[in-house]
Amino acid sequence: QVQLVESGGGLVQAGGSLRLSCEAPGSSFRINAMGWYRQAPGKQRELVATISSGGISNYAESMKGRCTITRDNAKNTVHLQMNNLKPEDTGVYYCNADVWSNVRLAHEVYWGQGTQVTVPS
């Protein structure tokens, strides 16, 4: 099992910034892509941004120009810097990791527990 530990959510006024972080402690696996998804009340979970092990990033159209995803492969961490936040960015943000388990010799996908981001209107 791979545990994803998220931090950095909170309440921020419109136009403000937040930085989310996610760490995957351990060494019995190799992380391929990592990313962030979000789920607003009454809506389906949606992509925010992903980043490959080689540093290639992908962003939702609604977040382009307003967020940057980075990762530290040595520390198994991924960060999401979000700027100019809007009320529609409100939701629970989930960290996601696509890994290869060196123990089970299998491809696996893990999710964090979620961190709340609230941008009041």
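Any read-out appearing in this document is the output of simple, stated calculations on the displayed coordinates, not a laboratory observation. On a predicted model such as this, the values are computed, not experimentally measured, just so you know. A quick note on method: Cβ atoms are made from the backbone with ideal geometry, for glycine too, and the neighbour counts reach across all protein chains shown.
Laid out as a table, the results:
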| read-out | value |
| --- | --- |
| Most fluctuating residue given options 64, 43, 86, as computed from a GNM of the chain linking Cα atoms under 10 Å | 43 |
| In nm, spacing of pseudo-spin labels at residue 61 and residue 47 (7 Å Cα→C-beta vector) | 1.3 |
| Residue among 12, 103, 92 with the largest mean-square fluctuation in a Gaussian network model of the chain, springs linking Cα atoms under 10 Å | 103 |
| For a label point 7 Å along the Cα-to-beta-carbon line of residue 116, residues of the stretch 22-54 with backbone N under 15 Å | 39-42 |
| Inverse of mean 1/r across different Cα pairs in the chain, Kirkwood, Å | 14.5 |
